[in-house]
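The values are calculated or read from the model by the stated rules, or taken from the named source; none is laboratory data. Note that the structure is a prediction, hence the values are computed from the model and not measured. FYI the Cβ positions are ideal-geometry reconstructions off the backbone, even for glycines, and counts take in every protein chain you see.
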There are 4 protein chains.
Amino acid sequence: MRRVAVLGSTGLVGQRLMAMLWNHPWFEPVPVTLSSDKAGKRYGNVVDWVIDWAMPEGLGELTLESYELNNLKELGIDFVISALPSSVATEVEPALAREGFAIVSNASSMRLEPDIPLINPEVNASHISLIEEQGKRGWKGFIVKVPNCTTSILTLTLKPIMDTFGIDLVAVTSMQAISGAGYHGLPAVKIAGNIIPYIKGEEDKVREETKKILGSLAGSEVKKAGFSVMASTNRVPVLDGHTLSVFVKTKKTAEPVDIAEVLSEFPNNEIAGMGLPTAPEKPVKVFDATDRPQPRLDVDIGNGMTVSVGRIRKDPDTGWIKYVALGHNTVRGAAGNAVLISELLLRKGLI
Amino acid sequence: MRRVAVLGSTGLVGQRLMAMLWNHPWFEPVPVTLSSDKAGKRYGNVVDWVIDWAMPEGLGELTLESYELNNLKELGIDFVISALPSSVATEVEPALAREGFAIVSNASSMRLEPDIPLINPEVNASHISLIEEQGKRGWKGFIVKVPNCTTSILTLTLKPIMDTFGIDLVAVTSMQAISGAGYHGLPAVKIAGNIIPYIKGEEDKVREETKKILGSLAGSEVKKAGFSVMASTNRVPVLDGHTLSVFVKTKKTAEPVDIAEVLSEFPNNEIAGMGLPTAPEKPVKVFDATDRPQPRLDVDIGNGMTVSVGRIRKDPDTGWIKYVALGHNTVRGAAGNAVLISELLLRKGLI
Amino acid sequence: MRRVAVLGSTGLVGQRLMAMLWNHPWFEPVPVTLSSDKAGKRYGNVVDWVIDWAMPEGLGELTLESYELNNLKELGIDFVISALPSSVATEVEPALAREGFAIVSNASSMRLEPDIPLINPEVNASHISLIEEQGKRGWKGFIVKVPNCTTSILTLTLKPIMDTFGIDLVAVTSMQAISGAGYHGLPAVKIAGNIIPYIKGEEDKVREETKKILGSLAGSEVKKAGFSVMASTNRVPVLDGHTLSVFVKTKKTAEPVDIAEVLSEFPNNEIAGMGLPTAPEKPVKVFDATDRPQPRLDVDIGNGMTVSVGRIRKDPDTGWIKYVALGHNTVRGAAGNAVLISELLLRKGLI
Amino acid sequence: MRRVAVLGSTGLVGQRLMAMLWNHPWFEPVPVTLSSDKAGKRYGNVVDWVIDWAMPEGLGELTLESYELNNLKELGIDFVISALPSSVATEVEPALAREGFAIVSNASSMRLEPDIPLINPEVNASHISLIEEQGKRGWKGFIVKVPNCTTSILTLTLKPIMDTFGIDLVAVTSMQAISGAGYHGLPAVKIAGNIIPYIKGEEDKVREETKKILGSLAGSEVKKAGFSVMASTNRVPVLDGHTLSVFVKTKKTAEPVDIAEVLSEFPNNEIAGMGLPTAPEKPVKVFDATDRPQPRLDVDIGNGMTVSVGRIRKDPDTGWIKYVALGHNTVRGAAGNAVLISELLLRKGLI
């Protein structure tokens, strides 16, 4: 059992993290807070548990630990998972890495820096080797980043298509759930019965992160994928689950049935056969039904780790492939990916 | 004053039609029903008025008239606006045209037939001349079609771009309101907090109708526009207002500021200066704010006849233009367009 | 294993029934349809599965059987659970009872007839003996009725209060989920962001059924409870879970802590210790938190069979007790209750 | 024209206030801020305008003025309307009253103090005379309070019933809109598809304020109404409009038709005939339809100043009267009431 400090444990991603780690076969979570007001309090008294998974029995009894180096050491922390806001993470995470901690982080800061692995495990587990470069920063530990939620979902579907048919261009419109904005991120009065066609910074993240994740490892760096990703990101009144409308111009001609075949189950993915507990049986599920996936019905497939794909079709005029992809934004797109990466690190002997 | 028979007057589009026609300066509505059960009853007793416009005082007192040729003649009907389901319209509308009635129809049947004008007035009022060809069918009257709701909104924004910069390719993802499914079309239990990524037939309509509406009149036929429109259409839990995420590959390079300029107010549109009462002051309103348009806030601009556009931006990698467009699906996309077309017909002396 | 014919298996209650029966240790479901169009088809091809429980693997492969006496006999049906609309049940259920079938029915018809047991198992399992009177109708089988959804939830909370403190008067306002209206019962356009303060017949059901369920068995009849239940029932935009705001005037003075105590776990209920598989560990869960229960967070407690109670407080001026109760309308309020009653019948050797 | 300083002008109530005052025939609004960050900025740059009324042309150009005594005097402020949070109002409002300002305040602080009028104009305009007592505090100005939103709606319906039939006891369950929680008051993730059965302090406000508003003026104080109001208050996913389920035990027997008659239009209310611009033609509208009022359809009746009542019925067992009342929480329940009170003050020569 490894003891993992969870930073940002009371937010929406933090709640998923704590629930996933609570009964994890390899990990034991320790909620850690940067707020002196909260340190020392019962987790159950501080958190406003609003996710649809029931809070596991006993979890509420944990004590929120103070974030201080000595305390982390005394607590016997083996590694850190961070769900801190990016503005805070910018300072905290490098400081911890310097002190020797391994950090798996959901924060968007540093994701594009060349020596920071940006990992969606089934897609690019091999990029983890970039951490070797981080020693040059004078760090005794290292940082691995979880991709942006939308990008995690998207890349899981683009990878098999890219490998088989090649990709020239992607246009994606997202319909993103309100849980993606965080607990305090979105006043109810703004989104009730409404769409907000703007999410700050999101389109750049999708564009840049996709190219890095789907890039190829060349020695000590990642060569970015050679195609462009045009994104339009929107907030919709759905609780959990980002739905993506994807248009792909493939290099080789592809029929919908071919696309369905390479996507289905994505068997030859980069963590296949590694026995990671959080890895879903099928990273991608393909629907035949004409009107699926739907977030309310399908977001929990594979305990939220499976991306669902449906409506694979070919535009009759242009030959572009169109499909709809759905993933759980705070599980596959955040907490679940962080846990899966942690499992990968442990398997590789890195934590 | 022209007396207009309204077919399908109790549905969601029918309610908008009745409200718009009730105090219209040129038209007087007569609700007509094909159901023998409803004929002879008070309109107010039959309709379940659920739209956000209050039912005008007095409207409920109208009698639902029976659909029979003799009755229509006795009632002194000058022309017909149809909001019938397509399956019913297929039979009813040609029969009426044969008998000499002018029909402005929202039904999707026949929209693509070469001699049937498919009119979004600001965009292609001139196509109305196609009706001259309909005499060859042996009709004494004629049929003009209102475009699909999403297509009405889309074409109003594509037209000025096409005219100034040319268009190579369009990819559009729609987030369509539940009112677009009609009163009975969507059980609450299906869409609450959900997205349904499929609307039967919709993507083909957007693709084909856009090319016809944006086509050029060449003698007695329309030469379709030469670019493709790839569409992905979705139902979202929003009451009124279809939001479109649009990607356009222009022929000539365009900057967002240029696009904003040609869209703003769309001054040189095909009905400018005609004094049609339902024509909005600005067919297109361009927002500078980063997070607009939003359906709950902006759907009623121009009494529902204005299409709002925002987030005009240029993809940094490809140069494609991206923007968000919003329009009222049962007003600009249906009832309002039907009334505006009727006004156009009257101005041209055709009714 | 008993083979149970499920009538109305494709509706919202039917879907819950099929899911609960599919892996049931004692029962095996056979979906039966009255529609000749559907008979013989795969269940999975007919049903539009929209509930939040995933359709169990294999369930879709069942064949919808035709409703005909010979067929039911050939299929080896042991008893029937009906989720038919009341209008249809009125004819079908007595006919089946006459032929010797035991029927557990969700339909509202006949619920108030003196010889028909109206059973909420933890509350009045003993009323089941009323079926002995049904022989006088010339029936070889019998009918047991599941109470109205709101009434099932309400009576589970009133019973322990009545037994300990006595009840003088109840006023209850319900906030009922859209799934309670059935698959086709509520157009999305009516309830989106709205409240409909009327549910046909519901208030009478709550008033009359509560008094019957909480009545005492006196020989071959039920003596109705002696207090009144004033109800106001409303539809709200919540998917699953009826929330009740309850005001109770008790006969003896009661403090909130006393009420909490008699409600908590409801240990001495009428099926305690019988080992019925669908009986929840705790029929009633009492929350201390000030803002619970909430339908989205708490509706699934006890697999939807537990009623949650919170905000127990005493009006400072009048001494009335106020509380909030929440139950799953299609599980505790319909399908789950039907299965639990079936288990009770089997335990008592009646099926 | 009186110049009115609006405190708290950018919140949800503040936005309604600014819109109502912008084209008011008697008043001219001056937005005033306590935040040194915001002072001096354009109102349109600071406010996030999210209400369904379009922001009036020109309003955005106003400058947010600094809250300082000298500045208020230089600005020629005649009186103040406050939409400050209660915690801030506690200090600010008495300080302004001391300096000679008349204040109409939405904040809940001080509402129950004996010399503070708590005014719902049609119900108890006469209570305004309490301000004479405020001189004893050493104030040169005075404070008048707007009631709690739910209480404003409730008392408008109880007053005519009380006057004609007498009232013994009231039980009310509210279904309150999310806009009642304020712009930042309710994270979207908490209320989406959910009910929160708790609103801090609300039930006490309804109980105490109702008795004060419906009390009778006896010399220099209000004698509270002699009946109790038991309340249960809930937050529901509706944007605007509080819906109340009301049970009333009248002293004299009343039939629904009698109740409808005394409620309809409430003609003999305390401001009838005074010509106040914001007074609705009908303070109360009574619906015959079985399923009204509904917030989405009826909240805007009388520009949000009319309370709608429907489903008036008599409990068959107890004779209690039941009805449903709906009012616009930020108009009738806050901003509109504040403006109406201001008009009353002007008519009475008090500002």
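I'd like the residue in the stretch B:220-250 that is farther than 21 Å from B:G201 by Cα and surrounded by fewer than 18 Cβ atoms within 10 Å (Cβ to Cβ) and, out of all such residues, is modelled with the lowest pLDDT. If we take residues in the stretch B:220-250 being farther than 21 Å from B:G201 by Cα and surrounded by fewer than 18 Cβ atoms within 10 Å (Cβ to Cβ), then B:S220 is modelled with the lowest pLDDT. List pairs: first residue in the stretch A:1-29 and touching a residue at least 24 places away in the same chain (Cβ under 8 Å) and within 15 Å of A:S342 (Cα to Cα), second residue in a strand (DSSP E or B) and hydroxyl-bearing (S, T, Y) anywhere in the structure, Cβ distance under 9 angstrom, at least six positions apart or on different chains. Close Cβ pairs (under 9 Å, with a partner that is in a strand (DSSP E or B) and hydroxyl-bearing (S, T, Y)) amount to A:A5/A:S82; A:V6/A:S82; A:L7/A:T33; A:L7/A:S82; A:L7/A:S105. Scanning the stretch A:52-97 for residues that are free of Cβ contacts under 8 Å to residues at least 12 places away in the same chain and closer than 30 Å to C:D300 by Cα yields A:A54, A:E57. Examine the stretch D:189-203 for a residue that is under 30 Å from D:E132 (Cα atoms) and more than 19 Å from the chain's Cα centre (by Cα), and state whether such a residue exists. Looking for residues that are under 30 Å from D:E132 (Cα atoms) and more than 19 Å from the chain's Cα centre (by Cα), one finds none in the stretch D:189-203, hence no.
Identify, please: which residue in the stretch A:237-252 is of a type in the set (D, E, K, R) and facing another protein chain (nearest Cβ under 10 Å) and is, among those, farthest from B:P295 (Cα to Cα)? Break it down stepwise before answering.
Going residue by residue through the stretch A:237-252, those that are of a type in the set (D, E, K, R) are A:240, A:249, A:251-252.
Pick out the ones that are also facing another protein chain (nearest Cβ under 10 Å) and you get A:240, A:249.
Working: A:D240: 21, A:K249: 31 Å.
Ranking the candidates gives A:K249 first.
Inside the stretch B:55-72, residues that are at positive phi and surrounded by 13 or more Cβ atoms within 10 Å (Cβ to Cβ) make up a count of 0. Taking the stretch B:1-31 as the range and being modelled with pLDDT under 95 and within 21 Å of B:E74 (Cβ to Cβ) as the test, only B:M1 passes.
Summed over the stretch C:271-296, the residues that are polar (S, T, N, Q) and more than 14 Å from chain D (Cβ to nearest Cβ) give a count of 1. Within the stretch A:179-206, being of a type in the set (K, R) and either at the interface with another protein chain (Cβ under 7 Å from one of its Cβ atoms) or in contact (Cβ under 8 Å) with a residue 40 or more places away in the chain (or both) holds for A:K190, A:K205.
Of all the helices (runs of 4 or more DSSP H) wholly in the stretch D:32-148, which have at least 2 residues that are modelled with pLDDT under 95, more than 30 Å from A:A192 (Cβ to Cβ) and polar (S, T, N, Q)?
Values: elements: D:43-46, D:69-74, D:86-98, D:121-124.
Of the helices (runs of 4 or more DSSP H) lying wholly inside the stretch D:32-148, those with at least 2 residues that are modelled with pLDDT under 95, more than 30 Å from A:A192 (Cβ to Cβ) and polar (S, T, N, Q) span D:69-74.
Please verify whether A:R332 is basic (K, R) and within 19 Å of A:V13 (Cβ to Cβ), treating the condition exactly as stated. If you could, list the steps in order and put the result at the bottom.
Details: basic (K, R): yes; within 19 Å of A:V13 (Cβ to Cβ): yes.
Judged against the criteria, A:R332 is a match.
With respect to the conditions (1) free of Cβ contacts under 8 Å to residues at least 60 places away in the same chain; (2) out of contact with any Ser or Thr (no Cβ under 6 Å at 6 or more places or on another chain); (3) more than 14 Å from chain C (Cβ to nearest Cβ), D:V299 lacks only one, and its number is (3). State whether one or more residues within the stretch D:251-267 are modelled with pLDDT under 95 and buried (at least 20 other Cβ atoms within 10 Å of the Cβ). Yes: one or more hits.
Here the stretch C:302-324 is the region considered, the condition is being of a type in the set (A, V, I, L, M, F, W, C) and within 21 Å of C:A171 (Cα to Cα), and the residue that is nearest to the other protein chains (Cβ to nearest Cβ) is C:V324. Being among the aliphatic types (A, V, I, L, M) and part of a loop (DSSP other than H, G, I, E, B) is a property that B:A334 lacks. The set of residues in the stretch A:323-351 being of a type outside the set (A, V, I, L, M), in contact (Cβ under 8 Å) with a residue 40 or more places away in the chain and surrounded by fewer than 22 Cβ atoms within 10 Å (Cβ to Cβ) consists of A:R347, A:K348. Tell me yes or no: at least one residue of the stretch C:290-309 is crowded, with 23+ Cβ neighbours inside 10 Å, part of a strand (DSSP E or B) and not polar (S, T, N, Q). Yes, the stretch C:290-309 contains a residue that is crowded, with 23+ Cβ neighbours inside 10 Å, part of a strand (DSSP E or B) and not polar (S, T, N, Q). Scanning the stretch A:115-156 for residues that are of a type in the set (S, T, Y) and closer than 16 Å to A:G333 by Cα gives A:T150, A:T151, A:S152, A:T155. Tallying residues that are in contact with a strand residue (DSSP E or B) (Cβ under 9 Å, 6 or more places away or on another chain) and crowded, with 20+ Cβ neighbours inside 10 Å within the stretch A:109-136 yields 13.
Considering the stretch B:105-151 alone, what residues qualify as being of a type in the set (A, V, I, L, M, F, W, C) and under 11 Å from the mean Cα position of the chain (by Cα)? Within the stretch B:105-151, B:A107, B:L118, B:I119, B:V146, B:C149 meet the criteria.
Scanning the stretch B:207-230 for residues that are within 13 Å of another protein chain (Cβ to nearest Cβ) and not hydrophobic (A, V, I, L, M, F, W, C) turns up B:R207, B:E208, B:T210, B:K211, B:K224, B:G226, B:S228. Flag not set for D:E99, criterion: crowded, with 19+ Cβ neighbours inside 10 Å, acidic (D, E) and not assigned by TED's automatic domain parsing to the domain that holds D:V286. With respect to (1) within 11 Å of chain C (Cβ to nearest Cβ); (2) surrounded by fewer than 21 Cβ atoms within 10 Å (Cβ to Cβ), the lone exception for D:T173 is condition (2). When restricted to residues that are in contact with a helix residue (DSSP H, G or I) (Cβ under 7 Å, 6 or more places away or on another chain) and more than 24 Å from A:I178 (Cβ to Cβ), the stretch A:1-20 contains 3.
Name every residue in the stretch A:147-177 that is hydrophobic (A, V, I, L, M, F, W, C) and in contact with a Gly (Cβ under 8 Å, 6 or more places away or on another chain), in order of residue number. Steps first, answer last, please.
Narrowing the stretch A:147-177 to residues hydrophobic (A, V, I, L, M, F, W, C): A:149, A:153-154, A:156, A:158, A:161-162, A:165, A:167, A:169-172, A:175, A:177.
Within the stretch A:147-177, A:C149, A:I153, A:L156, A:A177 qualify.
Residues in the stretch B:156-171 that are of a type in the set (A, V, I, L, M) and assigned to a helix (DSSP H, G or I): B:L156, B:L158, B:I161, B:M162.
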